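First the structure, in the form of structure tokens, and then the observations on it.
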Amino acid sequence: MLHNQIKSDIKQCYENLGNQLDNFIPRRAQNYLVAEIAKTLGGEYHAKHRMLVGEAGTGIGKSLSYLLGAIPFAVFNNKKVLISTATVALQEQLINKDLPLFNRIYPKEFSFILAKGRQRYCCNHKLEASCNSDDNQQVSLWDEKPKKSDLDLLKRMLIATEGGKWDGDRDSWPTTIPDRVWQQIVADKHSCHAGLPKHRDCPFAKAREHLEKADVIIANHALLMADIELGGGIILPEPEKTIYVIDEAHHLPQVARDFSSAAASLKGAASWLEKLNQSVGKLAELADYKKSGRFQTALSENIAQLIPSLRQIANNIDDTHFNKDGVYRFEHGELPTWLQEEAKGCKDASKKALQALGKIHDLISERTKDNEILPRLGEQALTESGFYLQRLENLEKVWNLMAQPNKDKGAPLARWIEKSQDRENDYIIEVSPLEVGYRLDQLLWSRAVGSILVSATLRALNQFDYFCRQAGIYEKEATRFLALASPFDYQNNARLVIPALPLEPQADKFTDLLIDTLPEYLEGETASLVLFSSYWQMNQVADKLRPLAKKNRWDLLIQGEESRHVILKKHQENCKKGKTSILFGTGSFSEGLDLPGDLLKNLIITKIPFAVPTSPVEEAHAEYIESRGGNPFLQISVPEASKKLIQSVGRLLRKEEDTGRVVLLDRRVITRRYGKALLDSLPPFERVIEHV
């Protein structure tokens, strides 16, 4: 049960909120969400499985709701709150607006911090070594010879670090740091740890100290997955002491799948293995031959096995199996016999090589700590061995997954080979799970103190089932589900228009129809957003409409022609001046785009956002569902389209006083059996359905 002190703190917060905000209007849905979160965490619905899944429509104020519901409970029970988001924009909102406000209204002291993964911080020692012109070993770790501009950038960073003007956070450097440069100085778990003298004051070590003291931590889904894949409690607080708030929760399953996937090249891997082989003797010498001799032998022997195996696999691949996109997917995840045997050999050899290099690395680390070797030599060797350890870990993961036999139960792994874009006659071996729900349940939900999953879009076709399958929420009876409607007056503030068009989107002439039809629905509108299903179609239509736009003095702003930030800024300036402004965008403009008031009055959706299953993972998932007698279109495509369509129409009304029109140029919502379910899942706009 919820302790009276927690109830009192929440009530006090809410009263203070009214005093802090001008024109504060209490919202029933927000109050209800706060109470349900607190009761779920208090164990009122289930003593052990404390999970709430809530779809909270735009305008409810979900971020303030979960702060009010979760933080008082966590502070009282001496637990941590981890808030995980999918976007930087929401992280910035929480850190710069919502949490400072909550700090003012909450009667007790608490601290909060933004957490970033090790990959966002530079290693001071690597930075120093990269700027040392005598350090040939550091230069050899570059994939390609560094440019003068790269070396100049590194020197500026070193000066800024030594002068206390840069904290080593990639995001706080004033300009974009190219990936090729960042990879040379990024902190890594093998060579950058506080046990070594030179790393005790490293940027990541300092950030970790602050993290351990904070009550509330903001992270992203990728960092959350990185931590729980390591076992939890490595980067972030351990699950058994943490309340998880997963905002933008509909993104989590995809991020989890990406984290469980692996990829490595064949000839590219053989190339860096050769470089490692050349360094083995030097590393073993620093580790002390007496102790490291057998590890050196094991490492060399397994590298000697791996290099010809990888090259042999590349030579055996039959190019006739590749599709037009350069992908060769193995049906049902089953490898041909020859590749099964090679995969087993590569799995064993990469595992033994990884173990041997790990032992050598540990010996060098011990000798460096004990001052048995010069610190400069030890640090340099640890940087080099750490670099190769990371690559070996990935190689071992790839071949372990490739060699794994398909299980009798559950979905198989998707396995495929892709032609390399970067290296001629090279191939990328790729593996991905199809379903990751069991991993989320095993590593997170079953261990957490409590879990609150929220988003404006969690249901598909008005049901939570699809999301539950994706996210591994199996204890449905013990889970609290909420679907809270937006407070917006959709019926009176917006119309959904479905025009009487003679063609549906799959027709050959549909793009021509869009070119003819769009001007009618753009005419007389000051602020429009047109969402397309593909870049190709968007650019075709844009090219044909440019003369008309010029003639009518419309400013046509096309996604991809300039950065998103620049395009949106131009659109805002146009709207401020009363100039007709038209945004053309694809799927990424259907989510996270905030254009309130006069910035968007006219939203045109050219087609239902069905995803074409073209990626190897999507094809494999559809194949798996069919093999079990299912219908992948109804089980995957329609629910996904439902979510995306809701997100798309959600661009129109962003505040309670907003008004406007949605035009859907896809009559399949009227003509197809699944159409009614798609329409009924949309907000209750006034509907205008024109008859052909």
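Quick note: the coordinates plus some simple rules give every number you see, no bench work behind them. These numbers were taken from a predicted model, which means no experiment stands behind them. Counting neighbours? That spans all protein chains shown, and the Cβs are built from the backbone with ideal geometry, glycine included.
Here are some notes:
- CD proxy at 222 nm, helix term only [per DSSP H run n ≥ 4: -39500 (n - 2.57); per residue of the chain; nearest 500]: -15000 deg cm²/dmol
- Summary of packing: across the peptides 614-626, 98-110, the per-residue average of other C-beta atoms within 10 Å ranks them, highest first, as 614-626, 98-110.
- In degrees, nearest ten, helix 535-552 long axis to first principal axis of the chain (Cα): 50
- At R0 = 30 Å, FRET efficiency that the Cβ-Cβ distance of Ile25 and Asn103 yields, to 0.05: 0.85
- Listed by Cβ neighbour count within 10 Å, with the fewest neighbours leading, Trp338, Trp272, Trp445 appear as Trp338, Trp272, Trp445.
- FRET efficiency estimate (nearest 0.05) - Cβ-Cβ, Glu285 to Phe110, R0 45 angstrom: 0.30
- Within the straight-line cut-off of under 13 Å between alpha carbons, the aspartates and glutamates reachable from Lys397 are Glu229, Asp348, Glu430, sequence neighbours fewer than 8 places apart in one chain being disregarded.
- Karplus-derived 3J(HN,Hα) values for region 482-489, using 6.51 cos²θ - 1.76 cosθ + 1.60 with θ = phi - 60°, are 10, 10, 9, 5, 5, x, 5, 8 Hz; glycine and proline are entered as x.
- Between the helical axis of 267-287 and the longest alpha-carbon principal axis of the chain there is an angle of about 50 degrees.
- Gyration tensor verdict on region 490-689 (Cα atoms; rounded if a/c is under 1.5, prolate if a/b is larger than b/c, oblate otherwise): prolate
- Square roots of five times the Cα gyration tensor eigenvalues for region 1-142, Å: 41, 18, 15
- A straight Cα-to-Cα reach below 23 Å connects Lys324 with the lysines Lys267, Lys419, residues fewer than 8 places away in its own chain not being considered.
- The dipole here belongs to the chain: it is taken about the Cα centre, uses +1 on the Cβ of Lys and Arg and -1 on the Cβ of Asp and Glu, and is about 940 debye.
- Over 25 Å (Cα to Cα) - which of Lys241/Lys476; Lys145/Lys359; Lys48/Lys189; Lys551/Lys577; Lys62/Lys577; Lys80/Lys409 fall in this group: Lys145/Lys359; Lys48/Lys189; Lys62/Lys577; Lys80/Lys409
- q = 0.08 Å⁻¹, the chain: log10 I(q)/I(0) [Debye, one scatterer per Cα]: -0.76
- Cα-based Kirkwood hydrodynamic radius, region 308-465, one decimal, Å: 19.4
- Most tightly packed first, judged by the mean number of other beta-carbon atoms within 10 Å of their residues, the peptides 12-20, 217-225 read 217-225, 12-20.
- Listed by chain and number, the aspartates and glutamates whose alpha-carbon sits under 20 Å from that of Lys39, ignoring those within fewer than 8 places in the same chain, are Asp9, Glu15, Glu55, Glu240, Asp247, Glu475, Glu477.
- Charging the Cβ of each Asp and Glu at -1 and of each Lys and Arg at +1, and nothing else, the dipole of region 557-651 about its Cα centre rounds to 600 debye.
- Built amide H within the under 5 Å cut-off of Val186, gap 5+: Cys123
- For Val245, the residues whose amide H sits under 5 Å from its own are Leu82, Ile83, Ser84, Ile452, ignoring neighbours fewer than 5 places away on the same chain, with H placed 1.01 Å from N.
- Between 0 and 90 degrees, the angle of helix 4-20 with respect to the longest Cα principal axis of the chain falls at about 60 degrees.
- Centroid-to-centroid separation of region 416-471 and region 488-506 [C-alpha atoms, Å]: 33
- The modelled label-to-label distance for the pair Ser588/Ser615, using points 7 Å beyond Cα in the direction of Cβ, is 1.4 nm.
- Volume of the convex hull of region 503-545 (Cα atoms only), normalised per residue: 78 Å³.
- Across region 156-166, coupling constants 3J(HN,Hα) worked out from phi with the 6.51/-1.76/1.60 Karplus curve, θ = phi - 60°, read 5, 5, 5, 4, 5, 5, 5, x, x, 9, 9 Hz, and Gly and Pro carry x.
- Ser149 versus Glu334: modelled label distance in nm, points set 7 Å from Cα along the beta carbon direction: 5.2
- Relative contact order of the chain: 17 percent, from C-alpha pairs under 8 Å at least 6 residues apart in sequence.
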